Amino acid sequence: MAVLHATIQYKPFLVSLLILLVHFHITEAQVGVCNGQDGNNLPSSQEVVDLYKSNGIGRMRMYAPNAQALQALRGSNIELVLDVPNSDLQRLANDTAAASQWVQDNVSTATYSTLVSNSFPPSDGSFDGAAGSFMGPIINFLKNTNNPLLVNIYPYFSRIGNPQAITLQYALFTAPGVVATDGQLQYRNLFDALLDAAYAAVEKAGGPNVEIVVSESGWPSEGGADASVENAQTYYTNLINHVKDAGGSPRRPGKAIETYLFAMFDENQKNGGAESEKHFGIFLPNKQPKYQLNFN
């Protein structure tokens, strides 16, 4: 999971940018859940798929091919976004036949990370310097193929990175009124502000009609500042409601925000990063829910 070291005070924030290479249209608000597998106590693949189905979760993101998981997904009607592991990217980029075979065997996405600079106000968001030259061709490709850009958005990391400037309420969707203005646009939550900064950057890179899919967003239940079951319950509940409301963001009103929650389970073998990285699950490894969430 990429970490957003974002602030809202004219500092760049880090997002993980992913290019989806399988074509789909964003027609309505959808909520999926990322299926991370960095744990030694997680349920079987079939149990995981059954848990998705029993909770009405119709979309899954996985970070690498897993034969058992792919088999369990057959006939489930769960839509899948599957990443190409970083270790395979160079090989597939240099070997067309291998890349074609990979797509036949799985479902393919390629991942990239870069900086969106000048994130406040959101309309100042841009890909600067090396990021600009790197992202230009990518945005052009997405525009020409009518594909979306996948962006990880974490108000949690923005909040703990600059707690003096970013209130907990703004990060949790619970601010009582408008917190930030950007010209005629008004922001009541940080999620929309970060999303619109990414949209501004995409527009300046030549993709005014390129859609964004929020490929990860979540809040940890322990392991760091502001990490608690109560805060996580509030964040996930409000995020789901915000996305399902289909009101879009201030910069893209009325546009469905397809969003993937991170993650299905706590992952006790997460390496590196803060302790909170292990506690983003909306379910415990024993399949018991941490929170009461409604995906229907």
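Quick look at the numbers
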{"read-out": "Failed item in (1) under 30 Å from ARG251 (Cα atoms); (2) modelled with pLDDT of 80 or more; (3) open to solvent by 80 Å² or more (accessible area, probe 1.4 Å), with ALA67 passing the rest", "value": "(1)"}
{"read-out": "Residues of the range 146-197 classified as without any contact (Cβ under 8 Å) to a residue 12 or more places away in the chain and of a type in the set (Gly, Ala, Ser), total", "value": "1"}
{"read-out": "Test: residue in the range 183-202 that is acidic (Asp, Glu), farther than 30 Å from GLY136 by Cβ and out of contact with any strand residue (DSSP E or B) (no Cβ under 8 Å at 6 or more places or on another chain)", "value": "no"}
{"read-out": "Residue within the range 167-187 that is among the small types (Gly, Ala, Ser), more than 18 Å from ASN118 (Cα to Cα) and open to solvent by 10 Å² or more (accessible area, probe 1.4 Å) present", "value": "yes"}
{"read-out": "Matching residues, the range 108-133, being hydrophobic (A, V, I, L, M, F, W, C) and either open to solvent by less than 20 Å² (accessible area, probe 1.4 Å) or modelled with pLDDT of 75 or more (or both)", "value": "ALA110, VAL116, PHE120, PHE127, ALA131"}
{"read-out": "Residue identified as in contact (Cβ under 8 Å) with a residue 12 or more places away in the chain, open to solvent by less than 10 Å² (accessible area, probe 1.4 Å) and more than 17 Å from the chain's Cα centre (by Cα) among ALA200, ALA225, ALA263", "value": "ALA200"}
{"read-out": "Answer from ARG74, ARG61 - the residue that is of a type in the set (Lys, Arg), open to solvent by less than 20 Å² (accessible area, probe 1.4 Å), modelled with pLDDT of 80 or more and closer than 25 Å to ASN35 by Cα", "value": "ARG61"}
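The values are calculated or read from the model by the stated rules, or taken from the named source; none is laboratory data. The structure presented is a predicted model; accordingly, all values stated were derived computationally and were not measured. Quick reminder, even Gly has a Cβ in these numbers, built from the backbone with ideal geometry, and neighbours come from all protein chains shown. Heavy atoms of the whole protein, side chains included, go into the accessibility calculation; ligands, DNA and RNA do not. Shrake-Rupley method; radii C 1.70, N 1.55, O 1.52, S 1.80 Å.
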